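These notes are about the structure you will find just below.
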Amino acid sequence: VMGQALVAVDEPGDCARELEHWWERVAEAHERSGVGALARPEELFLTSADLLAQIAGLPGFEVEQLPLTPGELEEVRFSTQPTPRFHNSVPAMAEEISKVTAEGKRVLVCAGNTGEVERLADIFAEYSISFRLGTRAPRPGDSYVEETSYLSGDFAGTTLVKAYVPQGVALPDAGLVIFGSCDLFDESEAAPSRSSRSKSKAATFMSDFRDLQAGDFVVHVEHGIGRYAGLKEIPQGDTTGEFMVLEYAEGARLYVPLTRLDLVQKYRSAEGGVTPQLARLGTQQWVKTKARVKKAMQDMADELLKLYAARKTAEGHAFAADTEWQREFEDSFEFNETEDQLQAITDIKSDMQSQTPMDRLLCGDVGYGKTEVAMRAAFKAVSDNKQVAVLAPTTVLAFQHFETFKRRFAAFPIKIEMISRFRTTKEQADIVERVEAGKVDILIGTHRLLSKDIKFPDLGLVIVDEEQRFGVRHKERLKQLKREVDVLTMSATPIPRTLHMSLVGLRDMSVIETPPKDRMAIQTEVVAWDEKLIKSAIERELERQGQVYFVHNRVDSIYEIAAKIQELVPPARVIVGHGQMSEGELEKVMLAFMRHEFDVLVATTIIENGLDIPLCNTMIVNRADRHGLSELYQLRGRVGRSSRRAYAYLLVPQDVELTPVARRRLAALKEFSDLGAGFKIAALDLELRGAGNLLGGQQSGHIDAVGFELYTSMLERTIKEMKGEMLPAETETQLNLGLNIRIPNEYIGEENQRLRMYKRVAGVESEQQLGDVRTEMIDRYGALPAAVETLFRYAELKLIAQRLGVASIDRKRDQIAIKFTEAAQIDPERLARFVSSEKGTQFTPAGVLKFNVKTTAPDHVLTRVQELLLQLAGDKSSRVEAPAQVS
């Protein structure tokens, strides 16, 4: 059948598995059918083995993102990276394009339609980005790009083309970056020029229905978790309506009109792969679940917001502007500051100089100069006669900070001390006494710093390194400190929780993304467990007098692994470290490894934070599929701390099938082996894990109970409520007007695209957003059919009704009934005048206004109801011009 077709197999492993599943379903269906021996499945279909054999005999190729096992095929490897998403931020896009072209890379920007090409051309002109316009060659032999420079000045390597490329890709080896239309502007935004509109931060995580398939779990905000079972048409009054069918527990079905898709979300769990329990319709189960989650959320948000409010109202110390000494201290820095570093320093100084206590998160990869930024903040505090506390998660890290601070502050009369178990009891007592007397300017230490016996007479700044490593008790003590003093928290990859806090607006954040000059990317390989590879990796590192980390996160089998390594590489000096050792023992192990008394450290993830060993440039992580993305990234950051090339091997078992999330994590690490990707990794982790343990580990269960999207929007609402922000009442207007408000199949043929458009129309929150969606729909699919025009008028009416506090609007033939809520913004006098002036009109004690319309034409019904509502509200200014009459 296929003749000599060229066959491309995308992800051969996944294809083979899917074929197996398909064949199992065929065999099951055959057994259930009762056809028996009349026709065997293999007589009707090609078996999966036969099909794969046929494909193998044809010319073609296989495409694999994460090859784990060497195949017989000839290999062509090239690295790719996903491009950043700008979520409608035009300045961020302009900055990134300028940065990439300045590095000498070629940039291809793809726009989906002519309107978008013109908009981008205007934006590029406004931001002085030199570009040329590419046109597809009309005939063979013509060049692909027509060289037309639209701006004077040197051509910077940016080409703008009209092509539908949704998501872009960077090809580092080829020096080419392609930006797709969804990278630049969220598909939900038709007009990027209005991108400065405030957008709900929760919306960053909302999914649309582009990948919704029958059988997927969804969450109905009012009825709970169900399973999507496709679309169905049902007669409604004079027309037929299209409904989404959801299946619930005990076979119950719920039909959701497509105009109410704002109530339906795709279900995502905290860790991925969770199979939720279907809700039971007609019971209080879902209401109780939501109430439980909201209660847990309020407790948590309450804790955060008390702190947030206390900080906002607290009168902190406003530090003085920079002194001459400060400038001298900064000039003595032996390297050139990167732009990101300078920006972070500026942010921190302005925070310190303001009256409100600072709570800033400083994200930057290991070795990217976070410590330098922190030391400048410390110097500023000390210059103003304030004390500084530097808090590190481990004794070894505290020791490293102590050495760095001493070296950097050597030329200045500043007293620096360290309190930890490296000090004798007598020394500790002496330090505590001097701190209390105000004779120590900067005190560095582990959580020992937070002990009750240490009293700072004039504490001005607390610097916390890797806050996520501290326990709950220590964080409580830190929270108390945060109320009065400035706090700077440093982190290489913020855990999703911390990142989410800055997105929800509870913390300020600065990011350092530029690597130091001589730093090289870490070569990362994802491979199946292979003893020969482990042996050669360790031997290669030992040959250059280096050291190796071997991460194995199971204490019960860690000594077996160490023995195995010793057997594979007899000359290597192997030592073991894990979290169940006493702190003193563990410290001895770490210090011995730091002094190069051993070559291979076999350890659990305790090495994730804070070891800076320039000689250690090979890391092997066993069972990498069991680690979170940020954790793997942190681990990998322990190597490559010098100008030597570093190697990271992520081992996965040969006979275990990886989960889709694990595959994505490992592929992301391989893609982001370049420098400065910590923040991108954390953002991707937030997407993959769905904010995971959002604001405390116990929250995971609550996310699973209601789904990630509902959790995020509930959290955002809870935080706004608790901040005392005015929130619109959640009035849900029910509209039953029996009108034809469908998006016809002939207009948008593809079901998922149609669903997405319904969801977009249902989810608009303002007339301006509705106008944007309308413009986009015309732009993408052409002039609106009458039914779609009516859908937009219907959505507009619903917005007005919700704003005025209308509970429902129903039509039966030519009579319309409007039910008002108690809080409806309607002028009683106008209502009374209307009832008395119109024949056949009545207003019932239940708050329902009934009146007749002259004709049931959709346009007349919608216009009449809309004008009446605005008239009753006395809201002439809000009147939205109706579009031209629909024929």
Which entries of 232/266; 370/406; 535/670; 162/232; 99/720 have Cα-Cα distances beyond 28 Å here? 162/232; 99/720
Exposure of residue 868 as accessible area (Å², to 10), given a probe of 1.4 Å and all protein chains: 0
Charges only on Cβ, +1 for Lys and Arg, -1 for Asp and Glu: so what's the dipole of segment 767-827 about the Cα centre, in debye to the nearest 20? 280
Using amide H atoms built 1.01 Å from N in the peptide plane, name the residues 5+ places from residue 444, or on other chains, whose amide H lies under 5 Å from its own. 390, 417, 418, 419
What distance in nm separates the simple spin-label points at residue 284 and residue 573, each placed 7 Å from Cα in the Cβ direction? 6.9
What net charge do the residues around residue 326 carry, taking every other residue with its C-beta under 15 Å from that of residue 326, with Lys and Arg at +1 and Asp and Glu at -1? -3
Row for segment 57-117, column shape: gyration tensor on C-alpha, a ≥ b ≥ c, rounded if a/c < 1.5 i.e. under 1.5, prolate if a/b over b/c, else oblate; value prolate
Probe 1.4 Å, protein heavy atoms only - accessible area per residue of segment 352-483 in square angstrom: 39
Whole-Hz ³J(HN,Hα) from phi, Karplus 6.51 cos²θ - 1.76 cosθ + 1.60, for segment 865-873, glycine and proline x: 5, 5, 5, 4, 4, 5, 5, 5, 7
Counted charge near residue 844, where neighbours are those whose Cβ lies closer than 11 Å (Asp, Glu -1; Lys, Arg +1): +2
Can you tell me the accessible area per residue over segment 509-606, all protein chains present, probe 1.4 angstrom, in square angstrom? 49
So how do 774, 85, 811 rank on accessible area, 1.4 Å probe, biggest first, that is with the largest at the start? 85, 774, 811
Please report the carbon-and-sulfur percent of the accessible area for segment 734-827; probe 1.4 Å, protein heavy atoms only, DNA, RNA and ligands left out. 45
For a quick check: with amide H placed at 1.01 Å from N, whose amide H comes under 5 Å from residue 547's, ignoring anything fewer than 5 positions away on the same chain? 616, 617, 618
Quick one: how many Å² of residue 48 are accessible to a 1.4 Å probe, rounded to 10? 10
Could you tell me whether segment 381-444 comes out rounded, prolate or oblate from its Cα gyration tensor? Rule is a ≥ b ≥ c as square roots of the eigenvalues, rounded for a/c under 1.5, then prolate if a/b exceeds b/c, otherwise oblate. oblate
With r as the distance between the Cβ atoms of residue 128 and residue 103 and R0 = 22 Å, compute the FRET efficiency 1/(1 + (r/R0)^6) and round to 0.05. 0.80
Here the net charge surrounding residue 622, from other residues whose Cβ is less than 11 Å away from its Cβ (Lys, Arg +1; Asp, Glu -1), is +3
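The values are calculated or read from the model by the stated rules, or taken from the named source; none is laboratory data. Owing to the predicted nature of the structure, the values given are computational and were not obtained by experimental measurement. For neighbour counting, all protein chains shown are included, and Cβ atoms are generated from backbone atoms with ideal geometry for every residue, glycine included. For the accessible areas, the whole protein counts, side chains as well, though only heavy atoms, and no ligand, DNA or RNA atoms are used. Shrake-Rupley method; radii C 1.70, N 1.55, O 1.52, S 1.80 Å.
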